[in-house]
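Visitor: Quick one: this structure, given as C-alpha cells, is what I'll be asking you about.
Read-outs throughout are calculated quantities, based only on the coordinates presented, and are distinct from any laboratory measurement. It should be emphasised that the depicted structure is a prediction, and the values quoted were computed from it without experimental measurement. Here the Cβ positions follow ideal geometry from the backbone for every residue, glycine too, while neighbour counts run over all protein chains shown.
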Amino acid sequence: MPRLDTVIFPVAGMGTRMLPATKVTPKELLPVYDTPLLHFAVEEALAAGARRLVMVSHPDKAAIEDWFAPQPELEASLAAKGKADLLEVVRSSRLPDGVEVTFVMQDEPLGLGHAVLCGAEAVVGGGPVGVILPDDLILGSPALAEMAEAWTGAMRSLVAAQEVPRERVSSYGIFDCGEGTPERGPVRAATGFVEKPDPDDAPSRLAAVGRYVLGSAIFDVLRGTGTGAGGEVQLTDAIAAMGGIHAFRFSGTRHDCGSKDGMVEATLAVQAMRHGSARAAPHLRVAAE
C-alpha cells in the first residue's frame, strides 16, 4: 500500500458547537464511549502508514499536547495497585517507535486552508500528505488507508466524499461532477469544487468529508489563496485552483462528532463495537503494525 508519511490534524478550533463540554476540554479529547475522539483519528493515520503526525493546534489547547505525553506517575500507581488492565489501557495510547508528533500553532481562526498551510513547516519531503479532521469519525475500514491505496501519481487531490441531503449542501464543500467525468471504482474525477453553495446553485449533492490526500503543490497554492466563504482561507478553494480533483467514496460509516447528536450516535456505535469485541479500546501499536 502506498504510504502517507505525514498526516496533518487541524485541531485549533474552539469547539463552540459542543459547549459547555468544551469550555475546559478540547473537543478532540471528548470521549466517544471509552476513547477520546483524537485517538481514533491517530489510529487511522497510522493505518495509512503515517510516521509524522502534525497537530495544528492553539495555545489554549495544551491538553492535546499533554495527551501525547507519558504519564509515569499514573502508570507507577496503577502498577503498584496491581491494576494491569487499566495500565494496559493507559499504555495503549503510546505512539509506536519511529512515529513522531509535532505541534504547530494556529493563533487565529483563519480557516481550514490556513490551518493546513500552518502545517507546511513540519512537512518533510515532496510526497502527498494526508489531512484528517477528527470531528468526522469514520468507523469501519480506515478511510485514509483506503485513500492511500487509491492514490496515483497522476492525481493532485483525493477527497473523501459522501452524498448529503439537498438541504444540507450549504454546510459542505460540494463536488462538481459533470456528465462524462470518469469513475474508477470508488474514485470519481471532478471538474470543480464549490464551498458551501446555496442549495439552488449546488452542482451536486456529493460533499467533501474530513479526509484528504493532497499533492505537495497544495502549499504553494494555499499561499496564493485569498479569503473565501466566511472570510476564511478555504481549503476547497485551493484544491479547486490546483485542479486534478478526485472524489473518493469511502466504505466506512461517518459520524459528525462536531455536533452533540452526532457524538451521541457515534458513542452508541462504538458501544456496540466494544461489546462485540474482546478489545477494551483501540491500540495505536496494533494499528501501526
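Visitor: For region 43-156, what is the charge dipole size about the Cα centre, in debye to the nearest 20, if Lys and Arg each add +1 at the Cβ and Asp and Glu each add -1 at the Cβ?
Guide: The calculated dipole for region 43-156 is roughly 240 debye.
Visitor: Please give, to one decimal in nm, the separation of the simple spin-label points placed at E65 and V89, each 7 Å out from Cα toward the Cβ.
Guide: A separation of 2.8 nm, rounded to one decimal place.
Visitor: Show me, for region 87-101, the HN-Hα J-couplings you get by feeding each phi into the Karplus relation (A = 6.51, B = -1.76, C = 1.60, θ = phi - 60°), rounded to Hz, glycine and proline as x.
Guide: Result, rounded to whole Hz: 4, 5, 4, 5, 6, 5, 8, 5, 6, x, 4, x, 10, 10, 10.
Visitor: Oh, and also: Relative to the first principal axis of the alpha-carbon coordinates of the chain, what is the inclination of helix 260-275, with its axis defined by its Cα atoms, in degrees from 0 to 90 and to the nearest 10?
Guide: Taking the Cα atoms of the chain, the angle to 260-275 is about 50 degrees.
Visitor: Please list, ordered by chain and number, the residues whose modelled amide H lies under 5 Å from the amide H of G228; skip anything fewer than 5 residues away on the same chain.
Guide: V233, Q234
Visitor: Separate question: Roughly how many Å is it from the Cα centre of region 97-121 to that of region 27-79, as a whole number?
Guide: Value for the Cα centre distance between the two parts: 15 Å.
Visitor: As I understand it, the dipole of region 52-127 uses +1 on the Cβ of Lys and Arg and -1 on the Cβ of Asp and Glu, about the Cα centre. Which of V101, L112, P72 lies farthest toward its positive end?
Guide: Comparing the listed Cα positions along the dipole, P72 ranks first.
Visitor: Which ³J(HN,Hα) values in Hz, rounded to whole numbers, follow from the phi angles of region 229-246 under the Karplus curve 6.51 cos²θ - 1.76 cosθ + 1.60, where θ = phi - 60° and Gly and Pro get x?
Guide: 4, x, x, 10, 7, 8, 4, 4, 4, 5, 5, 5, 5, 6, x, x, 7, 9
Visitor: For A217, what charge total do you get from the other residues with a beta carbon under 15 Å from its beta carbon, if Lys and Arg give +1 and Asp and Glu give -1?
Guide: Counting the neighbours of A217, the net charge comes to 0.
Visitor: If the limit is 25 Å between Cα atoms, which of K27/K196; K23/K196; K23/K260; K81/K260 go over it?
Guide: Over 25 Å Cα-Cα: K23/K196; K81/K260.
Visitor: Return the single residue from M147, M14, M55 with maximal mean-square fluctuation; model: Gaussian network over the chain, springs between Cα atoms under 10 Å.
Guide: M14
Visitor: Go through region 16-30 residue by residue and turn each phi into a ³J(HN,Hα) via Karplus (6.51, -1.76, 1.60, θ = phi - 60°); whole Hz please, and just put x for glycine and proline.
Guide: 5, 5, 10, 4, x, 4, 8, 4, 10, 10, x, 4, 5, 9, 5
Visitor: Quick one: net charge around L37, please, counting Lys, Arg +1 and Asp, Glu -1 for every other residue with C-beta under 14 Å from its C-beta.
Guide: Every neighbour counted, the sum reads -3.
Visitor: Magnitude of the Cβ-charge dipole of region 52-107, K/R +1 and D/E -1, about the Cα centre, nearest 20 debye?
Guide: Charge dipole of region 52-107: 180 debye, to the nearest 20.
Visitor: Also, quick follow-up: Determine the dipole magnitude for region 6-288: charges of +1 sit on the beta-carbon of Lys and Arg, -1 on that of Asp and Glu, nothing else is charged, the reference point is the Cα centre, and the result goes in debye to the nearest 20.
Guide: In debye, rounded to 20, region 6-288 gives about 580.
Visitor: Which residue fluctuates the most in the chain, going by a Gaussian network model with Cα springs under 10 Å, if the choices are D34, D237, D176?
Guide: Of D34, D237, D176, the Gaussian network model singles out D34 as fluctuating most.
Visitor: What is the extension gain from S170 to D201, computed as 0.36 nm multiplied by their sequence separation minus the C-alpha to C-alpha distance, in nm to one decimal?
Guide: Once the chain is fully extended between S170 and D201, it gains 10.2 nm.
Visitor: Mind listing P(r) for region 6-288? All alpha-carbon pairs, 5 Å bins, whole percents.
Guide: Spelled out bin by bin, region 6-288 gives 1, 5, 12, 16, 19, 18, 13, 8, 4, 2, 1, 0, 0, 0 percent.
Visitor: Which of the peptides 61-67, 197-203 is most tightly packed, and how do the rest follow, going by the mean number of other Cβ atoms within 10 Å of each residue?
Guide: 61-67, 197-203
Visitor: Computed over the Cα atoms, what is the radius of gyration of region 94-232 divided by 2.2 N^0.38 Å, N being its residue count?
Guide: So the Cα radius of gyration is 1.11 times the expected 2.2 N^0.38 Å.
Visitor: Here's another thing I want to ask about it. Angle check, please: helix 37-47 long axis (alpha carbons) against the longest principal axis of the chain (alpha carbons), in degrees 0 to 90, nearest 10.
Guide: The helix 37-47 is inclined about 70 degrees to the chain.
Visitor: May I have the convex hull volume per residue, in Å³, for the Cα set of region 4-64?
Guide: For region 4-64, the hull spanned by Cα atoms encloses 84 Å³ per residue.
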